[in-house]
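The values are calculated or read from the model by the stated rules, or taken from the named source; none is laboratory data. In this text the structure is predicted, and so the values were computed from the model without any measurement. We place every Cβ from the backbone using ideal geometry, glycine too, and count neighbours over all the protein chains shown.
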Amino acid sequence: MNYSLQSAIDAALAAAAHQTGIAISMLKVVAAHAVTWSDGSIGCPQPGMMYTQALVPGYRIRILAGEQDLDYHSSLRGEPFLCPAERATDPLPDQST
């Protein structure tokens, strides 16, 4: 399945509600962008893992759940997943200027 930005947002909201126990209506999307990740880690590398060194188009979605700032990452084809703050890396800068 290829995700649109809106379908990725919807999936991230559902995941955040499940994870936190907070109703979707109480969650706030603070940022949602199409991005390019620098490698196959999708901006969330795990220690000791090796990743493909190819650019990966996808999405970064930040959701405020109460006091928690949740950072969801995805490729265009993968379900958004929560990336812990200590592992999150930024996507490549926007090249469209």
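Numbers below:
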quantity: Residue match in the stretch 13-32 (condition: under 11 Å from the mean Cα position of the chain (by Cα), part of a strand (DSSP E or B) and surrounded by fewer than 14 Cβ atoms within 10 Å (Cβ to Cβ)); calculated: yes
quantity: Residue list for the stretch 65-78, filter: crowded, with 16+ Cβ neighbours inside 10 Å, touching a residue at least 24 places away in the same chain (Cβ under 8 Å) and over 11 Å from ILE9 (Cα atoms); calculated: ALA65, LEU70, SER75, GLY78
quantity: Check on ALA54, of a type in the set (A, V, I, L, M, F, W, C), in a loop (DSSP other than H, G, I, E, B), surrounded by fewer than 12 Cβ atoms within 10 Å (Cβ to Cβ) and modelled with pLDDT of 95 or more; calculated: yes
quantity: Residue check, GLY48 without any contact (Cβ under 8 Å) to a residue 60 or more places away in the chain and under 10 Å from the mean Cα position of the chain (by Cα); calculated: no
